[in-house]
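Below you'll find the structure, written out as structure tokens, and then a few comments.
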Amino acid sequence: MEATTQPGTALQTVPNIQEIQIIIGDAPATLIANTASRDNACKAGEELIIASKNVGMSPDLDNKMSSFIEKAKKTLKAINEKRRPFTQMMDELKKRFTECENDIKTKVDEVQKVRDSYAAELMKKRQEEERRLAIAAAKEKERISIVQKIKDEVAQAFYNYVVDKKNGALNYFNSITLEDFEAKSRNLEGSSLSFTPAQLSSLSINVKGENLDQEEVNEIAKSILTNDALHIHYANEYRSVMSVFKKDLVDKLPSKKQQLEELKAAADNEAERERILAEEKKRQAEEAEKISEEAKVSVDSAKAQTAAEAAESEASTSLNSLFATAGTPVPAVKESVQIVVKSKAAYALLFQYWFERKGKDMDEESIENMTLKRIKTFCENYIKETGEIIESSLIEIKEVYKAK
């Protein structure tokens, strides 16, 4: 026997080449001789069987059969001894060949396990990154939503303020009499159109967050309410809206004076006086309604603008999140689910799970042929495909990653 070492294995012995060649060289002659012995033995045995059928058993034939069995066993032993060196050699060679293959397979499995562990580590990092990005995205999305809500509240508060100021100016206009016409006309024409930042900064904002705490929400509100650009925007908006409204009231002063003079002239005509007062009441109601409608249109327009800004910001956030995820290394893996059984009782649970989803539709023979291993495999595949988890302390469900 010749000594040799194989990678990853202990010192082993295999037959040397000359010994293998001799044994293999003798194999054909041995096989021919064994074949001849077999043919002779089988022929003799068959003749005895035929004789027993044709003439029946007798003491003489029984003795011949006994003698045949004894000789056949000796022949069997002889041919076994002749072929044993060859078949033992083949068994030994087969064993050595399979050992070589198994050593490689074992090393492949070891390397694969290292890759699987690496893939699982990368997948874990990726999932953690995705969770982090998801939380950050949820916060950013809520921040965008809160900004929109605060700006909407600011817009609503501003136009409520405008409505109050318009109604105040309108009431002042409606209160003019002939006696104070000149004085109030001058006051109306000289009224201020300024809007101070403090009127926005002091607003009370009632907005709450789910992913952001109240302190963060308050900081967002403060940054918006103290924003110079927002102050300038609403100061300009106030001046624009109120200058048009003020001009409209000033332009109506002559007609207001004429109406007051008509009322004075109709002092003794009750019907005429009632007509003029009714027209004035209708005009005032229409003016108040117009103020309310204009404010509503302005608020809706402002909200549409903030909604558009929010949508643009959300799209930008989603795109940034997508790019961030795309930068994360993604291993090529095959994902599967593994069920870890913690108690024998878990097999009853797995059987029930399998039976409810597949077994009840199978015939009895197929059910009887099922093994617990196959049932467990079905449950693992079903969970992977559907995500339907088995809630039980008797088992543990693991995600398994195999590097491709």
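The values are calculated or read from the model by the stated rules, or taken from the named source; none is laboratory data. This structure is a prediction, so every number in the text was calculated from the model and none was measured. Because the Cβ atoms are built from the backbone with ideal geometry, glycine has one as well, and the counts that use them run over all protein chains shown.
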### Within the stretch 10-67, tally of residues that are touching a helix residue (DSSP H, G or I) at 6+ places or on another chain (Cβ under 7 Å), modelled with pLDDT under 85 and among the hydrophobic types (A, V, I, L, M, F, W, C)
4
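Restricting to the stretch 225-246, what's the tally of residues that are in contact with a helix residue (DSSP H, G or I) (Cβ under 8 Å, 6 or more places away or on another chain) and assigned to a loop (DSSP other than H, G, I, E, B)?
Narrowing the stretch 225-246 to residues in contact with a helix residue (DSSP H, G or I) (Cβ under 8 Å, 6 or more places away or on another chain): 225-226, 230-231, 234, 237-238, 241-242, 245-246.
Add one more test, that the residue is assigned to a loop (DSSP other than H, G, I, E, B), and what stays is 226.
Matching residues across the stretch 225-246 total 1.
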### Query
Considering ARG115, ARG83, ARG96, which residue is modelled with pLDDT under 95, surrounded by 11 or more Cβ atoms within 10 Å (Cβ to Cβ), closer than 30 Å to ILE17 by Cβ and within 60 Å of the chain's Cα centre (by Cα)?
ARG96
### Single condition ILE146 does not satisfy, out of (1) within 30 Å of ALA311 (Cβ to Cβ); (2) in a loop (DSSP other than H, G, I, E, B); (3) not acidic (Asp, Glu)
(2)
### Task
Kindly check whether there is at least one residue in the stretch 177-193 that is over 30 Å from ALA265 (Cα atoms) and touching a residue at least 12 places away in the same chain (Cβ under 8 Å).
yes
## Note on the structure
Exception for GLU128 within (1) within 29 Å of THR35 (Cα to Cα); (2) outside the structural domain of SER37 (by TED's automatic domain parsing); (3) not aromatic (Phe, Trp, Tyr) falls at (1)
### Task
Determine if the stretch 264-276 includes at least one residue that is out of contact with any strand residue (DSSP E or B) (no Cβ under 8 Å at 6 or more places or on another chain), touching a residue at least 40 places away in the same chain (Cβ under 8 Å) and in the same structural domain as ALA295 (by TED's automatic domain parsing).
yes
### Message
Given the condition in contact with a Leu (Cβ under 6 Å, 6 or more places away or on another chain) and either without any contact (Cβ under 8 Å) to a residue 40 or more places away in the chain or assigned by TED's automatic domain parsing to the domain that holds GLN284 (or both), answer yes or no: does some residue in the stretch 215-229 qualify?
### Response
yes
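Would you check if SER292 is polar (S, T, N, Q) and surrounded by fewer than 11 Cβ atoms within 10 Å (Cβ to Cβ)? Steps first, please.
Details: polar (S, T, N, Q): yes; surrounded by fewer than 11 Cβ atoms within 10 Å (Cβ to Cβ): no.
Answer is no for this residue.
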### Message
Can you find, within the stretch 172-182, the residue that is farthest from VAL297 (Cα to Cα) among those that are assigned to a helix (DSSP H, G or I) and modelled with pLDDT under 90?
### Response
PHE181
### Query
Hey, any hits in the stretch 307-317 for a residue that's surrounded by 11 or more Cβ atoms within 10 Å (Cβ to Cβ), among the hydrophobic types (A, V, I, L, M, F, W, C) and modelled with pLDDT under 85?
yes
### Query
Quick check: is even one residue across the stretch 41-50 farther than 30 Å from ILE20 by Cα, β-branched (Val, Ile, Thr) and not in a helix (DSSP H, G or I)?
no
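If a residue has to be among the charged types (D, E, K, R), in a loop (DSSP other than H, G, I, E, B) and closer than 29 Å to GLN112 by Cβ to count, how many in the stretch 334-389 make the cut?
Our first condition is that a residue be among the charged types (D, E, K, R); within the stretch 334-389, this holds for 334-335, 342, 344, 356-358, 360-361, 363-365, 368, 373-374, 376, 380, 384-385, 388.
With the extra rule that they be in a loop (DSSP other than H, G, I, E, B), the set shrinks to 342, 344, 358, 363, 388.
Filter again for closer than 29 Å to GLN112 by Cβ, leaving 342.
Adding up the residues that qualify gives 1.
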### Task
Consider VAL244 carefully, then state whether it is over 30 Å from LYS141 (Cα atoms) and within 60 Å of the chain's Cα centre (by Cα).
yes
### Task
Within the stretch 384-394, work out how many residues are β-branched (Val, Ile, Thr) and either loosely packed, with under 15 Cβ neighbours inside 10 Å or under 23 Å from GLU121 (Cα atoms) (or both).
2
### Message
Looking at ALA183 and the list (1) more than 15 Å from TYR238 (Cα to Cα); (2) surrounded by 11 or more Cβ atoms within 10 Å (Cβ to Cβ); (3) hydrophobic (A, V, I, L, M, F, W, C), which single condition is not satisfied?
### Response
(2)
### Task
Output the qualifying pairs, or none if there are none: Cβ atoms under 6 angstrom, residues six or more apart or on different chains, first residue in the stretch 11-31 and closer than 12 Å to GLU92 by Cα and in the same structural domain as GLU99 (by TED's automatic domain parsing), second residue part of a helix (DSSP H, G or I) and modelled with pLDDT of 70 or more.
VAL14/ARG96
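Please go through the stretch 247-282 and pick out each residue that is within 60 Å of the chain's Cα centre (by Cα) and not in a helix (DSSP H, G or I). Give the steps one after another, and end with the answer.
From the stretch 247-282, those within 60 Å of the chain's Cα centre (by Cα) are 247-248; that's our starting set.
Across the stretch 247-282, there are no qualifying residues.
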